[in-house]
Amino acid sequence: MAFQRIVIALLVLIVAGIGAIGYFEWRMAAQVRTLKAFVEGYVFNKAVMACEQAKNSTPFKWNGGKSTSVIGLNSAKLDKYTVSASYTLVADSVYCDYDPIKRKAEIGSSFLERE
């Protein structure tokens, strides 16, 4: 009888632990989404301005473009210590990657092939 109570108590503790982990995971995911939205909103105007002023044979026209969309903030871990960030915009099938750290825009480049 005591063995059954111990097993049931352990089972209840395991279920409670898994529930607590799920709750904290959900809360952290909500905070990360909020932070990502804040950063994207902060970077958007700078990205549009840099992309429109970037020198390239293919012009990037966000203002006045027929089909515009925001792909958003992306990142890639290049090695153990380096994370490369990019904010990608698309206007009339022309891609523009904006690097918020270097404050440089590249039109028609692939984010992962960039230096």
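Within segment 23-59, the set of residues being at pLDDT below 85, assigned to a loop (DSSP other than H, G, I, E, B) and surrounded by 11 or more Cβ atoms within 10 Å (Cβ to Cβ) comprises ASN56, THR58, PRO59.
Reported count of residues in segment 60-79, each being surrounded by fewer than 17 Cβ atoms within 10 Å (Cβ to Cβ) and within 12 Å of the chain's Cα centre (by Cα), is 6. Hey, does segment 47-56 have a residue that's closer than 14 Å to PRO100 by Cα and of a type in the set (Lys, Arg)? Scanning segment 47-56 turns up no residue that is closer than 14 Å to PRO100 by Cα and of a type in the set (Lys, Arg).
Among the residues making up segment 80-95, those that are part of a loop (DSSP other than H, G, I, E, B) and open to solvent by 80 Å² or more (accessible area, probe 1.4 Å) are LYS80, TYR81, SER93. Of the listed requirements (1) in contact with a helix residue (DSSP H, G or I) (Cβ under 8 Å, 6 or more places away or on another chain); (2) part of a strand (DSSP E or B); (3) over 18 Å from LYS102 (Cβ atoms), SER69 misses just one: (1). Of all residues in segment 79-100, those that are without any contact (Cβ under 8 Å) to a residue 40 or more places away in the chain and closer than 10 Å to ALA47 by Cβ have Cβ atoms under 8 Å from Cβ atoms of residues that are aromatic (Phe, Trp, Tyr) and surrounded by fewer than 19 Cβ atoms within 10 Å (Cβ to Cβ), 6 or more apart or on another chain, in SER86/PHE111; THR88/TYR95; THR88/PHE111; ASP97/PHE111.
The values are calculated or read from the model by the stated rules, or taken from the named source; none is laboratory data. These numbers were taken from a predicted model, which means no experiment stands behind them. When we count neighbours, we look across all protein chains shown, and the Cβ atoms used for this are built from the backbone with ideal geometry, even at glycine. Keep in mind that these areas ignore ligands, DNA and RNA; they rest on the heavy atoms of the full protein, side chains included. Shrake-Rupley method; radii C 1.70, N 1.55, O 1.52, S 1.80 Å.
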